[in-house]
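**Q** Questions regarding the structure given below will be posed in turn.
Here, each number is a calculation from the coordinates, and none is a lab measurement. The structure displayed is predicted, hence computed values, not measured ones. Reconstructed Cβ throughout: ideal geometry from the backbone, glycine too, with neighbour counts over all protein chains shown.
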Protein chains: 2
Amino acid sequence: MGPIGGNALRGHLESLILSSLERGAAHGFEVWRRLEAAGSGALRLKEGSLYPALYRLEAAGLVRAAWEDGATDRRGPRRRIYHLTPKGTRRLAAARAEWQHFVTTIGGILGAPA
Amino acid sequence: MGPIGGNALRGHLESLILSSLERGAAHGFEVWRRLEAAGSGALRLKEGSLYPALYRLEAAGLVRAAWEDGATDRRGPRRRIYHLTPKGTRRLAAARAEWQHFVTTIGGILGAPA
DNA sequence: ATCCCTATTTAGACTGGCTAAATATGAAGT
DNA sequence: ACTTCATATTTAGCCAGTCTAAATAGGGAT
């Protein structure tokens with residue numbers, strides 16, 4: 001089965017990010033790792049999609065972000081920690097309902113393989 | 001629930017068209033009606049998306065088209081009748097498997113509403 | 001010194017669904 | 001006749017959002 005990415009991700013990526021942040025605040029790269037892990041390799045998400053999506057979520061007030069305090073004993077540049085806002089939590093619930101609706105509708109039209 | 005269209009349709013529209021043609025050959029407008037009916041109003045498909053999608057399917061050899069013989073007793077312009085090719089039938093089966101994969105993957109990440 | 005892994009940023013390309021309007025035609029109503 | 005309506009197709013240009021690709025940054029390992 002081909003990896004899921006590109007057009008197939010459209011309209012779903014932001015929900016996936018919100019869902020991954022439900023497990024707890026995280027920086028972008030960690031969100032990426034969570035999604036890759038949760039997708040069991042079936043997901044192909046690129047940073048060029050992830051970070052702009054995070055900015056959109058932040059601009060929409062669904063997540064808030066803060067620069068991590070510089071712990072000097074880890075490698076790499078400073079990380080931006082994102083966490084869900086109450087609005088983001090509500091949006092996630094709505095997104096899950098929409099997803100069910102979407103699956104029912106498209107799945108219903110597409111019909112059974114046999 | 002909001003109607004399904006736009007981004008949500010991306011990557012799925014061609015599969016939906018193939019699926020609707022499985023019921024029998026049809027012209028574009030009839031495909032549109034079948035999909036609207038099958039979607040029970042939950043689908044918002046525009047001609048500006050449908051016809052280009054049909055052209056892509058034709059160019060890819062998944063459907064073939066022919067102008068309908070001009071029966072003089074019906075209103076409207078000539079219609080182009082599309083039907084599945086064997087290749088299109090095989091693609092439809094693959095698309096259904098991909099859909100299952102997609103639903104399992106995204107649904108799994110998105111998780112349960114409660 | 002160099003490489004590697006982590007982490008973020010962003011300009012530009014590309015896909016494909018949408019907007020919107022034009023074009024075509026016969027039936028039905030006035 | 002004329003208008004209106006429903007059917008049916010075409011297509012130029014728009015636009016949102018994912019991807020490509022490269023730059024930037026910094027600490028640890030060899």
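**Q** Only counting other Cβ atoms within 10 Å, I'd like A:ARG34, B:ARG23, B:ARG80 sorted with the fewest neighbours first.
**A** B:ARG23, B:ARG80, A:ARG34
**Q** Given A:ALA66, A:HIS83, A:LEU35, which one lies farthest toward the positive end of the charge dipole of segment A:12-84, if we put +1 on the Cβ of every Lys and Arg and -1 on the Cβ of every Asp and Glu?
**A** The listed residue farthest towards the positive side: A:LEU35.
**Q** Roughly how tilted is helix B:28-38, in degrees to the nearest 10 and between 0 and 90, from the longest Cα axis of chain B?
**A** So the helix axis and the longest Cα principal axis differ by about 40 degrees.
**Q** To one decimal in nm, how far is B:GLY76 from the same spot in the other copies, if labels go 7 Å from Cα toward Cβ? Please give the shortest first.
**A** Going from nearest to farthest copy, the values are 5.7 nm.
**Q** Checking the cross-link filter: which aspartates and glutamates have an alpha carbon closer than 18 Å to that of B:LYS46, excluding same-chain neighbours under 8 positions apart?
**A** The reachable aspartates and glutamates, counting only those whose Cα sits under 18 Å from B:LYS46, are B:GLU14, B:GLU30, B:GLU36.
**Q** Over chain A, what is the relative contact order in whole percent, taking alpha-carbon pairs under 8 Å and six or more residues apart?
**A** 29
**Q** Between A:HIS12, A:HIS27, A:HIS101, find the one with the highest GNM mean-square fluctuation for chain A; connect C-alpha pairs within less than 10 Å.
**A** A:HIS101
**Q** Let me know the shape class of the protein assembly as shown, please: from the alpha-carbon gyration tensor, a ≥ b ≥ c as square roots of the eigenvalues, rounded when a/c is under 1.5, otherwise prolate if a/b is greater than b/c, or oblate.
**A** prolate
**Q** Still on this structure, please answer the following. What distance in nm separates the two pseudo spin-label positions at B:ASP69 and A:SER40, each 7 Å out from Cα along the beta-carbon direction?
**A** 5.4
**Q** One decimal, nm, shortest first: give the distances between the label point of A:GLU22 and those of the same position in the other copies, each label point 7 Å from Cα along Cα→Cβ.
**A** Spacings between copies for this position, smallest first, are 3.1 nm.
**Q** Treat every Asp and Glu Cβ in the protein assembly as shown as -1 and every Lys and Arg Cβ as +1, leave all other atoms uncharged, and give the resulting dipole magnitude about the Cα centre to the nearest 20 debye.
**A** 160
**Q** Please list the three semi-axes, largest first and in whole Å, of the ellipsoid equivalent to segment B:1-77, using sqrt of 5 times the eigenvalues of its alpha carbon gyration tensor.
**A** Values for segment B:1-77, descending: 23, 16, 11 Å.
**Q** How shielded is B:9-20 by partner chains, expressed as the average number of their Cβ atoms within 10 Å of its Cβ atoms?
**A** Average neighbour count from other chains, rounded to a whole number: 3.
**Q** Just from its helices, what would the mean residue ellipticity at 222 nm be for chain A, if runs of 4 or more DSSP H residues each count -39500 (n - 2.57) and the sum is divided by every residue, rounded to the nearest 500 deg cm²/dmol?
**A** The per-residue figure over chain A is -16500 deg cm²/dmol.
**Q** Just need the relative contact order of segment B:1-55 here, percent rounded to a whole number, with Cα pairs under 8 Å and 6+ apart.
**A** This gives 47 percent for segment B:1-55.
**Q** Hey, another quick one. Treating the point 7 Å from Cα along Cα-beta-carbon as the label, what are the nm separations from A:GLY2 to the other copies, to one decimal?
**A** Relative to the other copies, A:GLY2 has label-point distances of 2.6 nm.
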